[in-house]
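Everything on this sheet refers to the single structure shown next.
The values are calculated or read from the model by the stated rules, or taken from the named source; none is laboratory data. None of the values given here were measured: they were computed from a predicted structure. Glycine gets a Cβ as well: all are built from the backbone with ideal geometry, and neighbour counts include every protein chain shown. Please note that ligands, DNA and RNA were not included when accessible areas were found on the heavy atoms of the full protein model with its side chains. Shrake-Rupley method; radii C 1.70, N 1.55, O 1.52, S 1.80 Å.
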Amino acid sequence: MKNISLPFYTKLAMVLFSLICLGYLAILGQSLLAPMLASFLLALLLLPLANSLENKLKFSRSLAALCAVIVMIAFISGILYFLVNQLSDLGQDWPLLKQQAIHSFEDLQHWVSGTFHVNAHKQIDYLKNSATSAVATSATVVATTLMTLSSSLLFLAFLLLFTFFFLTYRRILYSFLVGVFKEEHAQKVSDIVGQIQYIIKKYIVGLFIQMLIVTVLMIIVLSLLGVKYAVLLGLVTGIFNIIPYIGIFSALLISILITFATAGATKVLLVIIAFVAIHALDGNILMPLVVGSKVKINALFAFIGIIVGEMIWGISGMFLCIPYLAMLKIIFDRVEELKPWGILLGDQQNPNKKRKVYRITKKIKLEEQE
């Protein structure tokens with residue numbers, strides 16, 4: 001078959017058209033694709049447990065996958081139970097929080113009157129108008145909340161089912177990935193699959209360890225500062241910290257609001273300083289040490305990926321973007337024609353630093369070459 005050389009603008013139009021089609025299909029298939037991609041990451045994380053149950057305890061593949069999923073459910077249920085208990089304590093103190101918020105609002109009202117010379121009656125009229133508009137749209141808010149709850153339950157159900165199916169039919173999926181390419185590329189495909197399995201597993205485990213360390217540090221620091229609900233705020237900070245850049249600011253905003261409502265404005269500044277210090281410690285020491293730099297995405301494309309993920313799939317897209325960008329970088333680095341894209345996604349490297357070279361054996365283990 002004769003090779004046809006297309007003009008640059010034709011190739012560019014085809015690439016843009018393909019990206020638009022893929023983005024549109026991703027938006028249409030959010031209910032299916034988002035839990036499927038999330039469950040694929042969980043399946044990689046639970047794969048050692050399933051293999052251990054299958055090989056050492058002689059469980060069948062389906063039973064081993066089911067036990068691994070049950071362990072995951074127990075772990076998630078424990079976190080949710082602890083979080084609900086903390087939120088129930090917050091609900092019991094709701095009258096106190098409401099009273100503190102009223103006092104803070106009165107102080108703010110006096111400050112606005114003295115600074116901008118806006119009397120209290122105009123401020124109250126403005127708030128009444130805003131409240132009227134909010135009541136008018138309350139039905140929409142309630143409907144949106146119910147839809148969000150139902151979609152979350154559907155997401156969780158699909159997540160568990162897909163995780164079980166990925167663990168059960170992992171050999172079939174692996175054989176498909178190797179067989180769909182030409183035989184001459186079989187070894188390269190096998191290497192890429194093994195590398196993705198190894199690095200993504202280490203990446204996810206590192207994120208969980210990092211989340212645990214940040215949670216414990218925040219609980220200790222906030223407890224020493226005498227902040228109420230230090231355990232709840234530390235847990236929220238650790239969970240939100242999984243989302244790069246944006247998560248820490250969201251956790252900081254929640255912590256500021258609760259601290260302001262329970263302890264006034266005096267401790268808000270101390271909470272901000274604590275967040276900045278722990279975030280600096282996390283970014284400069286914990287992240288490189290615990291998560292490592294096996295596949296490091298530069299800050300520019302990590303931020304772009306988070307924004308695009310939120311635009312397409314919301315919160316789930318923000319969680320999924322970084323691991324799948326890491327997978328893309330692994331593929332780009334090992335396909336000759338795509339190496340420039342891997343360089344574009346990667347972080348700057350020190351040219352004077354001696355680089356280590358790894359190879360993958362048949363047992364999917366990394367061995368260092370001299």
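Tabulated values for the structure
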| read-out | value |
| --- | --- |
| Where residue 311 falls short, out of the listed (1) at pLDDT 85 or above; (2) open to solvent by less than 40 Å² (accessible area, probe 1.4 Å); (3) within 15 Å of the chain's Cα centre (by Cα) | (2) |
| Residues of the range 39-53 satisfying the condition of being closer than 15 Å to residue 166 by Cα, open to solvent by 30 Å² or more (accessible area, probe 1.4 Å) and not aromatic (Phe, Trp, Tyr) | 42, 45, 48, 49, 51 |
| Index of the failed condition, residue 349 passing every other in (1) closer than 30 Å to residue 48 by Cα; (2) modelled with pLDDT under 80 | (1) |
| Residue, surrounded by the fewest Cβ atoms within 10 Å (Cβ to Cβ), within the range 260-293, restricted to residues that are of a type in the set (Gly, Ala, Ser) and at pLDDT 75 or above | 280 |
| Residue count, the range 314-344 (criterion: open to solvent by less than 70 Å² (accessible area, probe 1.4 Å) and either of a type in the set (Ser, Thr, Tyr) or assigned to a helix (DSSP H, G or I) (or both)) | 18 |
| Counted residues, the range 26-77 - those being of a type in the set (Phe, Trp, Tyr) and closer than 23 Å to residue 153 by Cα | 2 |
| Failed item, numbered, when residue 5 is tested on (1) open to solvent by less than 50 Å² (accessible area, probe 1.4 Å); (2) outside any helix (DSSP H, G or I) | (1) |
| Leading residue by the ranking (farthest from residue 39 (Cα to Cα)) among those in the range 133-173 that are among the hydroxyl-bearing types (Ser, Thr, Tyr), at pLDDT 75 or above and part of a helix (DSSP H, G or I) | 168 |
| Residue satisfying condition, being within 27 Å of residue 236 (Cβ to Cβ), open to solvent by 90 Å² or more (accessible area, probe 1.4 Å) and among the hydroxyl-bearing types (Ser, Thr, Tyr), within set 81, 24 | 81 |
| Failed item in (1) assigned to a helix (DSSP H, G or I); (2) open to solvent by 50 Å² or more (accessible area, probe 1.4 Å); (3) in contact with a helix residue (DSSP H, G or I) (Cβ under 9 Å, 6 or more places away or on another chain); (4) touching a residue at least 24 places away in the same chain (Cβ under 8 Å), with residue 206 passing the rest | (2) |
| Lone unmet requirement of (1) outside any loop (DSSP other than H, G, I, E, B); (2) of a type outside the set (A, V, I, L, M, F, W, C); (3) modelled with pLDDT of 80 or more for residue 226 | (1) |
| Boolean, residue 199 is in contact (Cβ under 8 Å) with a residue 40 or more places away in the chain and open to solvent by less than 20 Å² (accessible area, probe 1.4 Å) | yes |
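So that you can scan it fast, the table gives a plain yes or no per residue for (1) farther than 25 Å from residue 320 by Cβ; (2) among the polar types (S, T, N, Q); (3) outside any helix (DSSP H, G or I):
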| site | (1), (2), (3) |
| --- | --- |
| 40 | no, no, no |
| 43 | no, no, no |
| 58 | yes, no, yes |
| 67 | yes, no, no |
| 86 | yes, yes, no |
